[in-house]
Amino acid sequence: MLPVVVIHGGAGTIPKERAGQATSGVCSAARAGYAVLQGGGSSMDAVVEAVTQMENNPSFNAGCGSVLNIKGDVEMDAIVMDGKTLGSGAVSAVRNIANPIQLARLVMDKTSHAFLTAEGASLFARSMCVPEVPQESLITEYARMRWEKNLAPGANPVESQMGKMGTVGAVAVDREGNLACATSTGGILNKMEGRVGDTPCIGCGGYADNNMGAVSTTGHGEAIMKVTLARLILFHMEQGQSAEVASDLGLACMKSRAGGLGGVVTVDPRGHWAARFSSQQMAWAAAQKDTLHYGVNAGEHFTQSIDEPR
Ligand code: GLY
């Protein structure tokens with residue numbers, strides 16, 4: 001079954017005119033991650049490469065394309081976790097950085113800590129020579145339009161959140177059987193300044209353990225945190241459930257106990273994988289055995305050769 005990489009581009013309702021971009025974005029991220037694995041790279045290299053691609057793609061709510069907070073600023077969260085060592089790295093409320101996922105990896109690789117936030121994370125980024133980028137380069141016209149629309153009198157913030165909760169993420173198993181996860185987000189639309197969601201919180205936005213599996217989550221962060229969704233799914237896998245059943249059980253618990261919708265990508269140590277969601281849609285893609293699998297709507301599962309353009 002090995003190796004495999006599975007990607008999501010965020011759970012929510014994807015406007016019809018944006019579904020094609022979301023699908024081609026997750027497919028090309030899956031291809032990029034798979035190429036790393038095929039070249040003998042680690043699962044950590046693969047998930048960071050895939051998520052970096054999606055952070056650079058303005059169609060997604062991460063890196064360039066992030067939603068704006070109440071003041072119209074971009075504050076981003078990200079996490080990586082290594083299933084072999086249980087080492088993790090996370091950043092929250094970071095600004096002026098193109099690829100928070102790479103900063104999260106630097107936290108894991110170059111510090112004795114697991115999580116840096118806000119100004120401290122920026123100072124660390126500077127010390128690692130991570131380039132600072134102008135905030136304007138991370139803001140798309142679409143993100144600004146949605147921010148303005150949501151500030152308008154009579155706007156329904158709950159409805160707008162349902163419209164686009166997208167976060168990006170990836171899980172992978174490499175040839176050595178090592179697992180990893182990576183998740184990155186701009187958070188939720190018109191959030192308070194300093195609001196940190198589930199994404200950088202270990203066990204919520206992601207978790208990886210070579211003995212159990214790896215999960216990356218997306219959806220309403222406050223609800224994901226209530227049930228520690230990634231770790232909950234791995235608990236079910238530890239009890240013998242498949243990646244698919246465990247993912248559905250976790251999402252069902254989040255819906256019934258916390259009233260939240262979301263989605264996940266999950267792998268087990270043998271390379272069995274699942275892409276599941278309780279939201280209306282979630283763009284996802286998986287690459288394994290030279291085949292690309294992808295879909296956006298419930299029940300959808302297309303396949304094609306990994307080399308065929310999409
Ligand atoms: N799941 C992304 C967030 O709520 O921030």
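Read the figures in this text as sums done on the coordinates, not as results from a lab. Just so we're clear, the structure is a prediction, and the values are computed from it rather than from any experiment. Neighbour counts are summed over all protein chains in view; Cβ atoms, including those assigned to glycine, are modelled from backbone coordinates with ideal geometry.
Pairs of lysine in the range 1-154 with Cα under 30 Å and at least 8 positions apart or on different chains: total?
Final tally of qualifying lysine pairs is 4.
Quick one: if the Förster radius is 35 Å, what FRET efficiency do E17 and T111 give, using the C-beta to C-beta distance and rounding to 0.05?
The formula returns an efficiency of 0.25 here.
Using 1/(1 + (r/R0)^6) with R0 = 45 angstrom and r between the beta carbons of Q135 and Q239, what's the FRET efficiency to the nearest 0.05?
0.50
For the range 25-116, just say rounded, prolate or oblate: build the C-alpha gyration tensor, square-root its eigenvalues into a ≥ b ≥ c, call rounded for a/c under 1.5, and beyond that prolate if a/b exceeds b/c, oblate if not.
Cα axes put the range 25-116 in the oblate bin.
How much length is gained if the chain between R175 and M192 is pulled fully straight, taking 0.36 nm per residue apart and subtracting their Cα-Cα distance, in nm to one decimal?
Once the chain is fully extended between R175 and M192, it gains 1.9 nm.
Specify the inter-centroid distance of the range 1-66 and the range 240-310, based on alpha-carbon positions, in whole Å.
13 Å
Is any helix in the chain, taking whole DSSP H runs, at least 30 angstrom long along its axis by alpha carbon and on average at least -1.0 on the Kyte-Doolittle scale, and which ones?
Working: long enough: 16-38 (33 Å, -0.12).
Length and hydropathy pass: 16-38.
Which value, in debye to the nearest 20, gives the size of the charge dipole of the range 95-161 about its Cα centre, when Lys and Arg are +1 and Asp and Glu are -1 at the Cβ? Walk me through the numbers on the way to the answer.
Numbers: 7 positive and 7 negative charges, 26 e Å.
Charge dipole of the range 95-161: 120 debye, to the nearest 20.
Quick check: pseudo-label points 7 Å beyond the Cα along Cα→Cβ at E300 and E148, how many nm apart are they?
Each label point is offset 7 Å from its Cα along the Cβ direction, giving 3.0 nm.
Just flag the GluC sites (Glu not before Pro) in the range 218-310 sitting in loop per DSSP whose Cβ has no more than 14 other Cβ atoms within 10 Å.
Loop-located and lightly packed - E300.
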